[in-house]
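Only one structure is covered here, and it is reproduced in the block below.
The values are calculated or read from the model by the stated rules, or taken from the named source; none is laboratory data. Owing to the predicted nature of the structure, the values given are computational and were not obtained by experimental measurement. Using ideal geometry, Cβ is built from the backbone for each residue, glycine included, and neighbour counts are taken over all protein chains shown. These area figures cover heavy atoms from the full protein model, side chains too; ligands, DNA and RNA do not enter into them. Shrake-Rupley method; radii C 1.70, N 1.55, O 1.52, S 1.80 Å.
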Amino acid sequence: MKQLEIKLVLFQRDYFVRRRRVFNRVRLINQNKINYLPFSSVLEILEYDVLRSNRKDLSVTDGSQFLTIPIQGATARREGVSFEIDPFLIINKQRFISFTSINRLFNVDLVLNMKSKQVTVRQPGRFLITAKGDTLQLLARLLNTTVKSLISFNKNLKEPITPGTKVTIPTIRFNNTLTSQASRKKKVKTKQNQELAPAIITLGRQLRGTPYKFGAGPYPRTKKFDCSSYIQYIFRRNGVVLPRTSRAQASAGRNINQNQIEPGDLIFFRRDRYSDNRIGHVGLDIGNSQMLNTYKSPPGVTITFWKDPYWLTRYVTAREIL
């Protein structure tokens with residue numbers, strides 16, 4: 001087993017910006033030709049919050065989706081999809097996670113330069129590294145795409161899939177194709193709980209300025225929100241239970257077209273941080289093409305014009321919850 005201290009450089013693309021973040025003196029372990037980083041450091045650097053931990057597994061989230069990672073064993077779960085990772089390496093009761101597992105769990109690419117003692121991490125990742133048991137169907141589910149699209153980006157990919165293969169992620173480009181629904185004649189819809197929308201919006205407005213934290217823990221403890229924990233909180237305070245993540249919230253309620261969106265409806269978007277096509281952001285429509293949401297600090301919880309071209313090109317769907 002070899003150990004050394006490295007510099008980790010994270011190149012990150014996210015809302016409106018690209019940024020470079022540097023983390024010094026990160027411990028790297030090489031055992032049996034496999035590179036590992038401290039699991040706790042990876043969670044901190046990639047801004048994941050631990051929601052639950054027991055002897056069997058732990059559950060973490062970045063606000064977009066849930067990951068369940070085994071304490072012992074090699075089968076992880078992402079929003080109901082099971083897939084293989086390398087088991088944790090345990091040294092003096094500290095958990096270390098392999099580069100391949102980091103790639104498969106967190107949608108990032110990692111490159112180690114031994115000469116400069118530097119690990120470069122790119123987020124979002126451009127590749128997924130395959131593992132034992134992967135199939136075309138499983139990879140398509142993990143990447144929120146279709147087998148056809150997967151093969152179109154990876155001409156030589158076929159079953160059985162060799163572990164360790166770099167698969168190009170067939171990222172959906174941001175475009176306006178889905179917004180064409182707005183040109184259709186608007187359908188009349190009636191909310192089942194019309195009285196709740198004003199109360200939820202009022203509470204949402206009262207929380208304007210609350211700081212944003214990616215993957216935020218529960219608001220009463222952290223006094224911070226990410227986009228989905230904010231939505232979950234203001235709905236729950238009015239008696240409506242929603243899932244924690246934006247991806248899960250996008251399955252709640254009833255699907256509606258963009259031209260049907262009314263105050264109290266949820267609007268979902270893709271996010272620059274992810275290349276695996278997942279939903280990564282949610283906002284609450286409050287009328288006049290505006291939404292309450294949070295995505296950075298400052299301003300924290302804020303009102304945003306969601307028909308701005310930036311948001312329209314990332315629009316995925318909308319849901320009627322009330």
Quiz item: In segment 52-79, which residues are open to solvent by 60 Å² or more (accessible area, probe 1.4 Å), of a type outside the set (D, E, K, R) and in a loop (DSSP other than H, G, I, E, B)?
Solution: Asn54, Gln72
Practice problem: Could you identify the single residue in Val301, Val316 that is open to solvent by less than 50 Å² (accessible area, probe 1.4 Å), over 15 Å from the mean Cα position of the chain (by Cα) and aliphatic (A, V, I, L, M)? | Solution: Val301
Quiz item: Name the pairs whose Cβ atoms lie under 9 Å apart, with the first residue in segment 113-129 and open to solvent by 70 Å² or more (accessible area, probe 1.4 Å), the second in a loop (DSSP other than H, G, I, E, B) and hydroxyl-bearing (Ser, Thr, Tyr), and 6 or more positions between them or separate chains?
Solution: Arg126/Thr171; Arg126/Ser275
Self-check item: Selection count where residues are farther than 17 Å from Phe214 by Cα, part of a loop (DSSP other than H, G, I, E, B) and open to solvent by 10 Å² or more (accessible area, probe 1.4 Å), scope segment 265-298
Solution: 3
Quiz prompt | segment 178-237: number of residues that are modelled with pLDDT under 85 and either touching a Gly at 6+ places or on another chain (Cβ under 9 Å) or open to solvent by 80 Å² or more (accessible area, probe 1.4 Å) (or both) | solution = 12
Quiz item: Mind checking which residues of segment 30-51 are of a type in the set (A, V, I, L, M, F, W, C) and not in a strand (DSSP E or B)?
Solution: Phe39, Val42, Leu43, Ile45, Leu46
Quiz item: Restricting attention to segment 254-264, does a residue exist that is touching a residue at least 24 places away in the same chain (Cβ under 8 Å), within 17 Å of Gly63 (Cβ to Cβ) and assigned to a strand (DSSP E or B)?
Solution: no
Practice problem: Would you mind stating whether Phe66 is closer than 18 Å to Asp109 by Cα and of a type in the set (Phe, Trp, Tyr)? | Solution: no
Quiz prompt | Boolean, Val17 is under 25 Å from Pro298 (Cβ atoms) and either at pLDDT below 95 or small (Gly, Ala, Ser) (or both) | solution = yes
Quiz item: Are any residues in segment 299-311 in a helix (DSSP H, G or I) and hydroxyl-bearing (Ser, Thr, Tyr), and if so, which ones?
Solution: Tyr310
Exercise. Would you point out the residue of segment 31-51, among those that are of a type in the set (A, V, I, L, M) and open to solvent by 40 Å² or more (accessible area, probe 1.4 Å), that is farthest from Leu67 (Cα to Cα)?
Key: Ile34
